[in-house]
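Below is one structure; the comments refer to it alone.
The values are calculated or read from the model by the stated rules, or taken from the named source; none is laboratory data. This one's a predicted model, so the numbers in the text were calculated from it and none came from an experiment. Glycine gets a Cβ as well: all are built from the backbone with ideal geometry, and neighbour counts include every protein chain shown.
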Amino acid sequence: MKVFNNLIRTLLLAVLTTCSTCLIAGNEGEENTKTTVNKTTSERNRKIKRLRKFTPSVKKGDDLTSFSYHQKSYVVESDIETVWNTYINVRPNEAWKGPLNTFKQSYSKTNHLLFDSKSTELPPIELGMVYELDLRIANLLDVVVAFQITEINEAEKIIEFTYGKDNKSHGRQRIIFKKEGKKTFIIHYSNFKSESKFRDKHLYPKFHEKCMDEFHANLHELIALKTKNQENKKLMKNQSNITNK
């Protein structure tokens, strides 16, 4: 009987110890989750605070004669309204999807919202929105650049991005859309200046043009897809009309 009682006590002790260990492990899991959530929230608030303080490097009316200048034109086999609507409604992860320009995050000053590459819904460009991109330089170096949408002029078909004051380069980019028959000409102007004249003359223009080409190629791919879908819908409609006659 004594042996039996000792066995019962041993089993009870083992059960109590196991339950205690599970409780401690469960509490540790909860604490780890809380810590992770707190770190994520803190990091998000830090990003919002930084992007909220974004200051454009140039303002409307500033004299840019001392800035370096770059210009390149693109032609799209599509009407200007389709092209314009694609550019102003594109999602940032579609416009800048790498490998040179990769969308990092954006901040809507209007709605006080932060969006990143993991956000389920990414809004199109809006006036005042601040963007951060990762630029991949020569497959060796990643550089974060920030800019703000400072003009969306639908009447004159102009989009303007202005570099941040904390960037290595200051200045702005302007994209102007021109109708040419059934085609659309896109002229991309850039004014830029850093503390290095050598960088502005020999390094920045070549890399900048490659980034521009990648950006516009992504948009032109979307335009081609949209145009194809429109043509397919038109063809199906015509076939349906013939069948119903």
message: I'd like the full set of residues that are buried (at least 16 other Cβ atoms within 10 Å of the Cβ) and not in a helix (DSSP H, G or I), limited to the stretch 41-70.
response: Phe54, Pro56, Ser57, Val58, Phe67, Ser68, His70
- prompt: For Leu64, are the conditions met, namely being farther than 30 Å from Ser117 by Cα, modelled with pLDDT of 95 or more and among the hydrophobic types (A, V, I, L, M, F, W, C)?
  reply: yes
query: If you check Glu156 against the conditions, is it acidic (Asp, Glu), surrounded by fewer than 17 Cβ atoms within 10 Å (Cβ to Cβ) and not in a loop (DSSP other than H, G, I, E, B)?
result: no
message: When you check Ile159 against the structure, is it within 25 Å of Glu81 (Cβ to Cβ), over 14 Å from the mean Cα position of the chain (by Cα), β-branched (Val, Ile, Thr) and at pLDDT 95 or above, yes or no?
response: yes
- request: Determine the pairs where a residue that is closer than 20 Å to Ile186 by Cα, located within the stretch 145-173, has a partner that is among the β-branched types (Val, Ile, Thr) and modelled with pLDDT under 95 with Cβ atoms under 8 Å apart, the partner being 6 or more residues away or on another chain.
  value: Ile149/Ile125; Ile152/Ile125; Ile159/Ile125
task: Give me the pairs, please: first residue somewhere in the stretch 55-82 and farther than 18 Å from Lys178 by Cβ, second residue anywhere and among the charged types (D, E, K, R) and part of a loop (DSSP other than H, G, I, E, B), beta-carbon distance under 6 Å, and either six or more positions apart or on two chains.
output: Thr55/Lys165; Ser57/Lys165
task: Look through the stretch 57-91, keep the residues that are in contact with a Ser or Thr (Cβ under 6 Å, 6 or more places away or on another chain) and of a type outside the set (A, V, I, L, M), and return whichever of them is farthest from Glu209 (Cα to Cα).
output: Ser78
message: If I ask for residues that are buried (at least 16 other Cβ atoms within 10 Å of the Cβ) and part of a loop (DSSP other than H, G, I, E, B), which ones from the stretch 125-153 would you list?
response: Ile125, Met129
query: Which one is surrounded by the fewest Cβ atoms within 10 Å (Cβ to Cβ) among residues in the stretch 216-236 that are more than 20 Å from Ile159 (Cβ to Cβ) and in contact with a helix residue (DSSP H, G or I) (Cβ under 9 Å, 6 or more places away or on another chain)?
result: Gln230
task: Answer yes or no: is there a residue in the stretch 148-156 that is in contact with a helix residue (DSSP H, G or I) (Cβ under 8 Å, 6 or more places away or on another chain), under 17 Å from Pro56 (Cβ atoms) and modelled with pLDDT of 95 or more.
output: yes
